[in-house]
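Here is the structure we will look at.
Values in this text are rule-based calculations from the coordinates and carry no lab data. Quick caveat, the model's predicted, so the values are computed rather than measured. Don't worry about glycine lacking a Cβ; one is built from the backbone with ideal geometry, like all the others, and counts go over all protein chains shown.
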Amino acid sequence: MTDTERAAAVEQALGKLDLDTKARLLAGQNMWSLPSVPEIGLGSLVMSDGPVGVRGVRSTADDPSVALPSPTALAASWDPGLARRTGRLLAQEARRKGVHVLLAPTVNLHRSPLGGRHFEAYSEDPYLTGEIGTGYVAGVQDGGVGTTVKHFVANDAETERFTVDNAVGERALRELYLAPFEAIVKNARPWGVMAAYNGVNGSTMTEHHRLQNEVLREEWGFDGFVVSDWLAARDTVAAITGGLDVAMPGPHTVYGEALAQAVRDGRVEESVVDAAVRNVLLLAARAGLLEGVPAAVPADALPAAVDGEALAREIARRSFVLLRNEPREGRPVLPVDPTRVDGLALIGAAARDARVLGGGSAHVFPAHVVSPLDGLRAALPAGTRLTYAVGADPSDEPAAAGQGFALRALCRDAAGQLLGETALPSGQVQWTGDALPDGVTYDALHTVEVTGTFTPRESGAHHFGTRGTGGFRLVVADTVVFDGVQEMGQESDPFEAFFGAPLDRGTVELEAGATVPVSLAYDVFKMEGMPIQAVAFSLVHRGPRRDPDELIAEAVAAARDAEIAVVVVATTERVESEGFDRGDLRLPGRQDDLVHAVAAANPRTVVVVNSGAPVELPWREEVAAVLLGWFPGQEAGAALADVLLGAEEPGGRLPTTWPVALADAPVTRVEPRGGVLAYEEGVFIGYRAWDRSDVAPAYPFGHGLGYTDWEYEGAGHEPGGDPDTLGVVTVRLRNTGDRAGREVVQVYLAVPEDDTTDRPRRVLAGFLSVELPAGGATEVRVPLSRRAARTWDETAAAWRTPAGTYTAEIGRSLADPRLTVPVVVSG
Ligand code: BGC
């Protein structure tokens, strides 16, 4: 069916709707869906988070999802083709879970490493973000599932995220923050965009007429629907006239009855409501939810099935960035030869309890997680000496009860009658009203009892606690640990206030291996006027505290006794998540001390860093190798073993500059002043700023080593071709090492030497990854984006291309150019 035919069908359906139904449709029906309208053959449209997996409406562990590596990891592959395959897998997952629209991808920029959701966005560079985002959106929509590119726009930090007004100059908006949205809208035609919580230059985004109606729709030709971020719509008239189509979550939003009334009172033209409904009906038609209109991708045209586990593992190893790999006795320490290694000491809490996902709405429940310990154990030949030591505990806080617990949730009404029950893979309960266990309704639900057993791994004083608002009674091995009420917190973020921090309620002495009963009875907290019906609380636990010096000493002894020491360091969910920013870039707990000590004991120390965003690595020059593993998703340990033992090459390149210390980063403040966060640095974020600073970063943009060597043998420039490009750079590339490998050829466009204007000296203009066997050579053709030479002229309110002879720097990273060619730009 053509777009015109689909538009005609939408028009017909629209004509049959009365005002109240239209207003109700735009208000949402519950947490995740829009209402059906059977009279016009319209099915209920279901949305779900998020970038690394499809949660599904239940979003609980009894309905697991494939959990992929973090978006920073996907971007580190520098491979839009891989992003497209990722999208296809997510579409398959969405279909399996009855989801029509995925609330992803997140294409805000890495303005500051402090941004709490940094791990959930791709890069500090708008071009790389746009390319990866385009691949991702195209892939999801290949599978007949919609996307909402988010969060439009400038949602680059979390502090006061509901109210902050970001003061961003037009040039920075155009050249940086809007650019990925623009590229994706033009190249992948997303079915949706999500309006952010924050404001930009005085108007909250859900009401931003200029950016939503004029720029997004009129200028760029966006023809999808605009949905609010959850609870972001605040004003009926301002939102509908400002270009917001759907206010979520329903049904108590500023649309619905309030919108119908605004039309009746003459405050809103009905045609404005019609325009929004038209967008929603078009979306429904594309998703196959409007009777008589074939879906955009009919069932017989769906892409071939994707193996989720295999893809999760592939993305992980393709994303790992080998930051450093120094020789020891003449040979780089990685890869480790598994047939010859004389003992391997694996160290770190995250090596055993893997840190594979960021927190917040991007969190999903995988069916399994392969830890580094499991992965290495499985990959090393039988008989290899593999020892393990915790080394350091990254957190002082208890976390959701997991390892060693077997739990169920029993749901009861006020009379104590059992309404329903469900298995729980962890102590975290997070149900929204429409996703309660079978037989349970929000209105009837009064208490939830998390009950089961715990078999400790270690003897000693185990800490137990609660997270959430409401009444709790916590009993472990017949000891009442807590019986009381937790009041609501005062945080500015309603989600955080409701959920709160994990609270340690007391200890119980337990013996390793001896199973004990556990019960946490929770009186469900129902707040008056709460727009979301949610049950959210956790049983939290922490193992016995050990003397930190003793833990380090144990790890040092293990490292001394092995040929190679692998230390896995990580951030925790309390460090990188949604709803708050980071205060520093340090690894939590004594992990830095641990690495210093292990490095001093074993010259062949390899550090694996599991964080979604930059952390300071003060010991990086003391160790033989540093491998950045991001949040690697459910196949973490399998992919890690692939790469450490050399079955595969670590394929990633940094999508964001890594500073030595926070103080060196271009933007170090994310707290608004008086409600306003000024983007004072203009267009100078990321490498655009580093490039004019005297301070060198720890690792530059684009950096990443492999296991083979590359020779850039010659380059040229062919002008002409596609008008969106500055022609093509051709590069003769040879793999001069002794094994097959993948190279990411990067091209940066440097401004003409006589250009003294205030603009970034170099901008990423193109890239391409190539795989070659040992000794293989090829010619690579990299189209150069014309946007790299353009600047936004604020006076003329238009793009300008300053003419001159630019230089294309072709190489392995921003700091490692191998060849240059002149590029004449005529303006
Ligand atoms: C997040 C969005 C997410 C939505 C629904 C919001 O708090 O900012 O990214 O899609 O919740 O979970």
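If we count other beta carbons within 10 Å of each Cβ, what is the order of TYR122, TYR712, fewest first? Let's see the in-between values first.
On the way: TYR122 31, TYR712 18.
Fewest-to-most Cβ neighbours within 10 Å comes out as TYR712, TYR122.
Counting pairs of alpha carbon atoms under 8 Å apart in space and at least six apart in sequence, what relative contact order in percent does the chain give?
Details: 2165 pairs, mean separation 126.8, N = 827.
RCO, the chain: 15 percent.
Give, rounded to the nearest 20 debye, the magnitude of the charge dipole that the chain has about its Cα centre when Lys and Arg contribute +1 at Cβ and Asp and Glu contribute -1 at Cβ.
Working: 74 positive and 112 negative charges, 228 e Å.
In total the dipole reaches around 1100 debye.
Considering Cα pairs under 8 angstrom that are at least six residues apart, work out the relative contact order of the range 664-811 and quote it in whole percent. Provide the component values of the computation, followed by the final result.
Working: 258 pairs, mean separation 33.4, N = 148.
The value is 23 percent.
Taking the number of other C-beta atoms within 10 Å as the exposure measure, put ARG355, ARG673, ARG377 in order starting with the fewest. Show your work: numbers first, answer last.
Details: ARG355 29, ARG673 8, ARG377 15.
Result, fewest neighbours first: ARG673, ARG377, ARG355.
Work out how much length LYS16 to SER36 would gain on full extension: take 0.36 nm times their residue separation and subtract the Cα-Cα distance, in nm to one decimal. Could the numbers behind the result be given before it?
Working: separation 20, 0.36 × 20 = 7.20 nm, distance 1.40 nm.
That pair, LYS16 and SER36, stretches by 5.8 nm at full extension.
Quote the Stokes-Einstein diffusion coefficient, in whole µm² s⁻¹, for the range 72-148, based on the Kirkwood radius over alpha carbon pairs, a temperature of 25 °C and a viscosity of 0.890 mPa s.
Values: Rh = 12.4 Å.
The Stokes-Einstein estimate is 198 µm²/s.
Given a cut-off of under 8 Å on Cα pairs at least six residues apart, what relative contact order in percent is computed for the range 399-542?
Numbers: 353 pairs, mean separation 47.8, N = 144.
Across the range 399-542, relative contact order equals 33 percent.
Residue by residue through the range 814-820, what is 3J(HN,Hα) from phi via Karplus (6.51 cos²θ - 1.76 cosθ + 1.60, θ = phi - 60°)? Round to whole Hz and write x for glycine and proline.
Couplings: 4, 9, 9, x, 9, 9, 10 Hz.
Hey, what's the Kirkwood Rh for the range 679-722 if you take every pair of different alpha carbons, in angstrom? Walk me through the intermediate numbers first.
Working: mean 1/r = 0.0689 Å⁻¹.
That comes to 14.5 Å for the range 679-722.
Quick one: which residues, 5 or more positions from THR432 or on another chain, have an amide H under 5 Å from its amide H? H modelled 1.01 Å from N in the peptide plane, none for Pro or chain starts.
The list, which skips near neighbours in sequence, is VAL535.
Can you tell me the alpha carbon radius of gyration of the range 372-436 divided by the globular rule-of-thumb value 2.2 N^0.38 Å? Don't skip to the answer; put the middle values down first.
Working: Rg = 19.3 Å, N = 65, 2.2 N^0.38 = 10.7 Å.
Dividing the Cα radius of gyration by 2.2 N^0.38 Å gives 1.80.
With only Lys, Arg, Asp and Glu charged, each at its Cβ (+1 for the first two, -1 for the last two), find how big the charge dipole of the range 3-299 is about the Cα centre; round to the nearest 20 debye.
Values: 27 positive and 37 negative charges, 132 e Å.
Charge dipole of the range 3-299: 640 debye, to the nearest 20.
By per-residue mean of other Cβ atoms within 10 Å, what is the highest-first order of 272-285, 72-85, 6-19?
Details: 272-285: 22.9, 72-85: 25.1, 6-19: 15.9.
Packing proxy ranking, top to bottom: 72-85, 272-285, 6-19.
Note down the nm distance, to one decimal, between modelled labels 7 Å out along Cα→Cβ at GLU794 and at ALA378.
Result: 5.4 nm between the two label points.
Could you name the lysines whose alpha carbon sits less than 27 Å from that of LYS16, not counting residues in the same chain fewer than 8 places away?
Cross-link targets: none qualify.
Can you give the FRET efficiency to the nearest 0.05 for GLU713 and GLU509, using r as the Cβ-Cβ distance and R₀ = 51 Å? Can you show the working numbers first?
Details: r = 68 Å, r/R0 = 1.34.
Rounded to the nearest 0.05, the efficiency is 0.15.
Mind giving me the FRET efficiency for VAL516 and ARG385? R0 is 30 Å, r the Cβ-Cβ distance, nearest 0.05 is fine. All intermediate terms of the calculation are to be shown ahead of the outcome.
Working: r = 34 Å, r/R0 = 1.14.
After rounding to 0.05, the efficiency reads 0.30.
I need the fraction of alpha carbon pairs in the range 1-154 separated by more than 26 Å, rounded to a whole percent. Don't jump to the answer; show the numbers that get you there.
Values: 4187 of 11781 pairs.
The proportion of pairs with Cα distances above 26 Å equals 36 percent.
Of all alpha-carbon pairs in the chain, indicate the percentage at a distance above 42 angstrom. List each step's numbers first, then the result.
On the way: 109218 of 341551 pairs.
Considering the chain, 32 percent of its Cα-Cα pairs are separated by more than 42 Å.
Where does each of 439-451, 656-668, 44-56, 24-36 land if you order them by average Cβ count within 10 Å, highest first?
44-56, 24-36, 656-668, 439-451
Excluding same-chain residues fewer than 8 positions from LYS150, which lysines have a Cα within less than 24 Å of its Cα?
List returned: LYS97, LYS186.
When the Debye formula is applied to the Cα atoms of the range 710-825, each taken as the same point scatterer, what base-10 log of I(q)/I(0) results at q = 0.22 Å⁻¹?
Summing over Cα pairs of the range 710-825 leads to -1.18.
Given the peptides 692-701, 313-322, 753-762, 241-250, arrange them by the average over their residues of other C-beta atoms within 10 Å, most packed first. Display every interim value, and only then the final one.
Numbers: 692-701: 16.4, 313-322: 27.2, 753-762: 12.7, 241-250: 25.4.
Highest to lowest by the protection proxy: 313-322, 241-250, 692-701, 753-762.
With charges only on Cβ, +1 for K and R and -1 for D and E, what is the dipole size of the range 303-347 about its Cα centre, in debye, rounded to 20? Walk me through the intermediate numbers first.
Numbers: 7 positive and 7 negative charges, 32 e Å.
It works out to roughly 160 debye.
Provide the per-residue ³J(HN,Hα) series for the range 207-218, in order, calculated from phi with Karplus coefficients 6.51, -1.76, 1.60 and θ = phi - 60°, each as a whole number of Hz, with x at glycine and proline positions.
Coupling constants for the range 207-218: 10, 7, 4, 5, 6, 7, 7, 7, 7, 4, 7, 6 Hz.
So how do GLU218, GLU257, GLU158 line up by other beta-carbon neighbours within 10 Å, fewest first?
Details: GLU218 10, GLU257 14, GLU158 25.
Starting with the residue having the fewest Cβ neighbours, the order is GLU218, GLU257, GLU158.
To the nearest µm²/s, what D does Stokes-Einstein give for the range 399-542 at 20 °C and 1.002 mPa s, using the Kirkwood radius over alpha carbon pairs as Rh?
Here the translational diffusion coefficient equals 139 µm²/s.
Between THR756 and THR730, take the C-beta separation as r, use R0 = 25 Å, and let me know the FRET efficiency to the nearest 0.05. Don't jump to the answer; show the numbers that get you there.
On the way: r = 31 Å, r/R0 = 1.22.
That gives a FRET efficiency of 0.25.
Just to check I understand the Karplus step: with θ = phi - 60° and J = 6.51 cos²θ - 1.76 cosθ + 1.60, what whole-Hz values come out for the range 615-621, glycine and proline as x?
Coupling constants for the range 615-621: 10, 6, 10, x, 9, 4, 7 Hz.
Amide H of GLY199: which non-local residues (sequence gap of 5 or more, or other chain) have their own amide H closer than 5 Å, using H built in the peptide plane?
VAL164, ASP165, ASN166, MET205
Once amide H atoms are placed 1.01 Å from N in the peptide plane, what residues at a sequence separation of 5 or more from ASP793, or on another chain, have their amide H within under 5 Å of its amide H?
Here the answer is ALA798, TRP799, ARG800, since their amide H atoms fall under 5 Å of that of ASP793.
What value, in deg cm²/dmol to 500, does the helix sum -39500 (n - 2.57) over DSSP H runs of n ≥ 4 give at 222 nm once divided by the residues of the chain?
Numbers: 17 runs with 171 residues, N = 827.
Rounded to the nearest 500, the figure is -6000 deg cm²/dmol.
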